[in-house]
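Reviewing the structure listed below.
All of the numbers you see were taken from the coordinates with simple rules; none came from a lab. Small disclaimer: the values here were computed from a predicted structure and weren't measured. Positions of Cβ are generated from backbone atoms using ideal geometry, with glycine treated the same way; all protein chains shown enter the neighbour counts.
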Amino acid sequence: MSNVIDVLIEFDVDSMPPLSQDQANPTNSLNEFVHLRVKDANGISGQGGAELNFKGEVGDNVRWRATSLSGNFEKSVILYDFAVLGESGGAELSEPKLHGGVKKGKALTTKIMTPIQSQERPLPTELIVTPYNFLESTLEAAGQLTYTFSFQVNDSGSGDLIGYGVWDPYITIED
């Protein structure tokens with residue numbers, strides 16, 4: 001039976017140096033500004049850092065979600081490119097697929113119910129429909145894998161592009 005491994009990627013975009021304006025040539029060496037987290041049961045090393053090594057079993061699904069430290073309120077982050085680096089040590093995973101997003105101008109965003117506090121009273125909360133998206137892959141073969149994700153940062157108020165960056169974490173896939 002497959003499990004879902006949720007990977008939360010937090011970007012400290014306010015502390016980053018100026019980012020590249022070229023999508024094909026994103027700024028590298030940003031590890032100190034990227035923080036990855038998984039459930040403790042999946043973490044091997046690097047929990048809360050940019051070089052997270054986590055484990056899963058063949059058949060497990062990995063879901064990557066990106067956010068800025070403001071929760072995408074002031075600046076928003078999206079993941080846009082995935083690549084395996086060099087030798088994979090035998091590990092394989094499927095090409096990440098976007099769940100949600102937009103296709104041919106039509107919103108495909110997954111919607112979830114999110115509790116939100118009322119201005120009049122903190123509890124009980126109200127429920128609102130929130131658009132949501134993530135990238136998902138299936139772990140296909142055991143080994144260790146180093147990969148990169150490129151990301152785009154935008155100003156959440158104006159939508160203006162701030163820039164592009166990239167970094168390289170690890171996955172260990174077990175039999």
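Taking the DSSP bridge list for the chain and keeping only pairs wholly inside it, about 75 percent are antiparallel. Derived scalar couplings between HN and Hα for the stretch 36-53 equal 10, 9, 9, 4, 3, 4, 9, x, 9, 7, x, 3, x, x, 7, 10, 5, 10 Hz in order, rounded to whole Hz, by the Karplus curve 6.51 cos²θ - 1.76 cosθ + 1.60 (θ = phi - 60°), x for Gly and Pro. Estimated from the Cβ-Cβ distance and a Förster radius of 41 angstrom, the FRET efficiency linking E74 and A41 is about 0.80.
For the chain, the alpha-carbon coordinates run over 54, 40, 35 Å along the three principal axes, in decreasing order.
Annotated for the chain: lysine pairs at least 8 residues apart or interchain, Cα distance under 27 Å, count 13.
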